[in-house]
Amino acid sequence: MRLITHNMLQCHVKGCNANNFPLELQEVVLEQEEAEMNEDFLRNMLNKIEYEALVATCLKLDINDLPATMPADAAYNDEFLQILHRVILETHIKSGKMVCPNCQHNYVIRDGIPNMLLAEHEV
Amino acid sequence: MKLKELEGYLQDVAVFTDPKIKLEQYPTTPHLAARMLYTAHTTYDDIENKAVGDMGCGCGILSIAAAMLGSAYNVGFDIDPDAIAIAQENCDEFEIEMDFILTDLSATPAPSNTADGEANARGPYEMMKGKLDTILMNPPFGTKLKGIDMVFLKKGIDLANHAVYSLHKTSTRDHILKKAKEWGVECEVVAELRYNLDKSYKFHKKQSLDIAVDFLRFEKKPRPETSS
């Protein structure tokens, strides 16, 4: 799973409705894999990314390249788009877990795939 | 890429080794997958540079077809880790980037009647609403779990920013058209196709069976502005 996907997942345990995003990554193994950059796509994603959550998540992973706030000229800022591309589309979470900041539920990531299934009573 | 060429490549997508009848796992044929994605790409421009979600992705053939036609981001949802493992291998084989989420799409969303207007049965993908441009699916037809096809479809329409492509039994067409109207989305019957199901389960009496399926396209309006 790439960080772009992590940026769109939240806890869905029954009754856990607030402060359930972003899920905190713990004990993760990361891998960088090169991918072709698609600027049109990145521009279209700019207003869809939860930027604050992305920066916070990255800092905890010791990825310090993103500016604290998105530049005003982000859409045409090549340097920024390249960093964003590397972070959200080339950074893969191979294993670890995602912990809900609210209810502490653990979602395990194995072989790069997050297990978002809940037990019957948690739905 | 030509349609025939796409269909040719898709012949190499591996299918379920041990299909689970409970989940109505039938592989989408290369013929159907190619037709769906080729049309979505050439007629409607819903694939190239787009974020594409695949609901009940199974072995991943719809997403692989999308990626071959230039989608920028692919994510697949499925409840079966065995299917996802095959899909992952397929993607590795085709050198395609795709993320997978192990999740249950069958829970019926409750009506938004809670105090804060939030639906009761939520998924982990609520935040993807409006972020995925195009949703693809070949949902279970509901022969084992009645109504599951409509649950998938409603979720897909909720998630999509613009368009949903789906396959349904032709016999359910009137019902779906009525529902689409209720949900405020346009529904177009793009084509009526034959879904050739090879004998995949013991209870199947015939070696293969042709069923009539509708290839449907749903569109949400208006299309939000893009910055490009």
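Key figures
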item	result
Given (1) within 15 Å of A:LEU3 (Cα to Cα); (2) of a type outside the set (A, V, I, L, M, F, W, C); (3) in contact with a Lys or Arg (Cβ under 7 Å, 6 or more places away or on another chain); (4) within 13 Å of chain B (Cβ to nearest Cβ), number of the condition A:GLU34 does not satisfy	(3)
Test: residue in segment A:74-97 that is within 14 Å of the chain's Cα centre (by Cα), buried (at least 17 other Cβ atoms within 10 Å of the Cβ), closer than 18 Å to B:ASP99 by Cα and among the polar types (S, T, N, Q)	yes
Helices (runs of 4 or more DSSP H) enclosed by segment A:24-117 - at least 2 residues per element that are in contact with a Ser or Thr (Cβ under 6 Å, 6 or more places away or on another chain)	A:39-45
Residue match in segment B:76-83 (condition: farther than 30 Å from A:ILE49 by Cβ, modelled with pLDDT of 95 or more and either polar (S, T, N, Q) or open to solvent by 40 Å² or more (accessible area, probe 1.4 Å) (or both))	yes
Output for segment A:20-31, where each listed residue is within 14 Å of chain B (Cβ to nearest Cβ) and either aliphatic (A, V, I, L, M) or open to solvent by 30 Å² or more (accessible area, probe 1.4 Å) (or both)	A:PHE21, A:PRO22, A:LEU23, A:GLU31
Out of A:LEU42, A:LEU3, A:LEU54, sole residue that is away from chain B (no Cβ under 12 Å), under 21 Å from A:THR69 (Cβ atoms) and in contact (Cβ under 8 Å) with a residue 40 or more places away in the chain	A:LEU54
Residues located in segment B:154-169, provided they are free of Cβ contacts under 8 Å to residues at least 60 places away in the same chain and buried (at least 19 other Cβ atoms within 10 Å of the Cβ)	B:ASP158, B:VAL164, B:SER166, B:HIS168
Exclusive hit being among the acidic types (Asp, Glu) and either over 28 Å from A:ASN7 (Cα atoms) or assigned to a loop (DSSP other than H, G, I, E, B) (or both), set B:ASP82, B:ASP45	B:ASP45
Selection status of A:MET98, farther than 18 Å from A:GLU33 by Cα, in contact with a helix residue (DSSP H, G or I) (Cβ under 8 Å, 6 or more places away or on another chain) and more than 11 Å from chain B (Cβ to nearest Cβ)	no
Hits in segment B:173-197 - residues which are under 17 Å from B:PRO140 (Cβ atoms), modelled with pLDDT under 95 and over 17 Å from the mean Cα position of the chain (by Cα)	B:LEU197
Qualifying positions in segment A:103-114 - over 21 Å from A:GLU33 (Cα atoms) and open to solvent by 40 Å² or more (accessible area, probe 1.4 Å)	A:CYS103, A:GLN104, A:ASN106, A:VAL108
Criterion violated by A:LEU117 - all others in (1) over 27 Å from B:GLY70 (Cα atoms); (2) open to solvent by 20 Å² or more (accessible area, probe 1.4 Å); (3) at the interface with chain B (Cβ under 9 Å from one of its Cβ atoms); (4) touching a Lys or Arg at 6+ places or on another chain (Cβ under 8 Å) satisfied	(4)
Hits in segment B:35-58 - residues which are at positive phi, within 13 Å of chain A (Cβ to nearest Cβ) and touching a residue at least 12 places away in the same chain (Cβ under 8 Å)	B:ASN49
The one condition in (1) surrounded by fewer than 24 Cβ atoms within 10 Å (Cβ to Cβ); (2) touching a Phe, Trp or Tyr at 6+ places or on another chain (Cβ under 8 Å); (3) in a helix (DSSP H, G or I) that B:ILE64 fails to fulfil	(1)
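The values are calculated or read from the model by the stated rules, or taken from the named source; none is laboratory data. What you see is a predicted model, and the numbers here were worked out from it, not measured in a lab. Note that each Cβ is placed from the backbone with ideal geometry, even for glycine, and that neighbours are counted across all protein chains shown. For the accessible areas, the whole protein counts, side chains as well, though only heavy atoms, and no ligand, DNA or RNA atoms are used. Shrake-Rupley method; radii C 1.70, N 1.55, O 1.52, S 1.80 Å.
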